[in-house]
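Only one structure is covered here, and it is reproduced in the block below.
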Amino acid sequence: MSKIYVTGLGPGAKDQMTIRAKNVLVHCPVIIGYTVYIDLIREQFPDKQYLSTPMRKEADRCRMAFEEAEKGQDVAMVCSGDAGVYGMAGLICEIGKEYPDVEVEIVPGITAASGGAAILGAPLMHDFAVISLSDLLTPWETIEKRLRAAAEADFVICLYNPSSRKRSDYLQKACGMILESRDPKTVCGITRNIGRDGESCQILTLDQLKDTKVDMFSTVFIGNSKTMELNGRMVTPRGYKDV
């Protein structure tokens, strides 16, 4: 029985791909994904059949994977980060109802929250919320509710998709909402190009973050009331010292 492996590639660097993910890509003759993600691995696995669709053709890409699997070939559907975090795992499972004879396996990877946290220090040591600022699939009103709720509950907040050409002011708006219940001096961090050329990070206050330009290759971390900067690292105490 052929199988689809929904595979998280991690941030992009070869050494940040899990051994399981690498083994899947070695095994599968067909690799399907968004063009940008295919380009991350094409050189490493040159003898594969690569298929892709542009952005916003995710459902077509999933059906393509099932059609290839029905031909008797194992298929790797690749995503950056973790396939189950804003990736393709959910959609594959939904569409998989139409293809009951094809088995699906989810192969996790390092997502931007954990990859970026490692660069900054230890910002996610306590409870945290991950929120995407992209309103392509989620109404902005819903995103606003989630931002305010997470801020009032004193979660560390990790923001995916913080900005784009069409959403250049979304991070500023998000910071404004969070500032309704957070100290302007709250410690925050930005990571860029996690695991890729040009990787960088910056630690700053929430008030400074509000007026900072970011892009789609950035991941933003907003600390809770206990988060601090220690020797150039962003750290949220877990409370072990107090036990």
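The values are calculated or read from the model by the stated rules, or taken from the named source; none is laboratory data. Not measured: the values here are computed from a predicted model. Because the Cβ atoms are built from the backbone with ideal geometry, glycine has one as well, and the counts that use them run over all protein chains shown. These accessible areas exclude ligands, DNA and RNA; they are computed on the full protein's heavy atoms, side chains included. Shrake-Rupley method; radii C 1.70, N 1.55, O 1.52, S 1.80 Å.
Some points to look at:
- Computed [θ] at 222 nm, helices only, for the chain once each DSSP H run of length n ≥ 4 contributes -39500 (n - 2.57): -8000 deg cm²/dmol
- The modelled label-to-label distance for the pair E70/C93, using points 7 Å beyond Cα in the direction of Cβ, is 2.3 nm.
- Trypsin sites (Lys or Arg not before Pro) restricted to the stretch 68-147 and DSSP loop, no more than 12 other C-beta within 10 Å: K71
- Cβ-defined net charge surrounding L206, 10 Å radius [Lys, Arg +1; Asp, Glu -1]: +1
- Paramagnetic reach from D127 in the stretch 160-197 [backbone N under 14 Å; point 7 Å along Cα→Cβ]: none
- Choice from R167, R61, R182 showing the highest fluctuation, given a GNM over the chain with Cα pairs closer than 10 Å: R167
- Rounded if a/c under 1.5, otherwise prolate or oblate - the stretch 136-193, Cα gyration tensor axes: oblate
- Sorting the Cα pairs of the stretch 204-243 by distance into bins of 5 Å, from 0 upward, gives 6, 17, 24, 23, 16, 8, 4, 3, 0 percent per bin.
- Sparsely packed GluC sites (Glu not before Pro) within the stretch 137-223, loop by DSSP, other Cβ within 10 Å at most 13: E180
- Net +/- balance of residues flanking P11 in space, Cβ distance below 15 Å, scoring K and R +1, D and E -1: -1
- For the stretch 38-88, the ratio of Cα radius of gyration to the globular rule of thumb 2.2 N^0.38 Å stands at 1.17.
- Over all other residues within a Cβ to Cβ distance under 14 Å of G239, the charged ones net out to 0, with Lys and Arg as +1 and Asp and Glu as -1.
- Applying the Kirkwood pairwise sum to the alpha-carbon positions of the chain produces a hydrodynamic radius of 19.0 angstrom.
- Surface composition of the chain: carbon and sulfur atoms hold 50% of the protein heavy-atom accessible area at a 1.4 Å probe.
- Choice from T205, T111, T142 showing the highest fluctuation, given a GNM over the chain with Cα pairs closer than 10 Å: T142
- The stretch 123-214: chymotrypsin sites (Phe, Trp or Tyr not before Pro) falling in loop per DSSP and having at most 13 other Cβ within 10 Å: none
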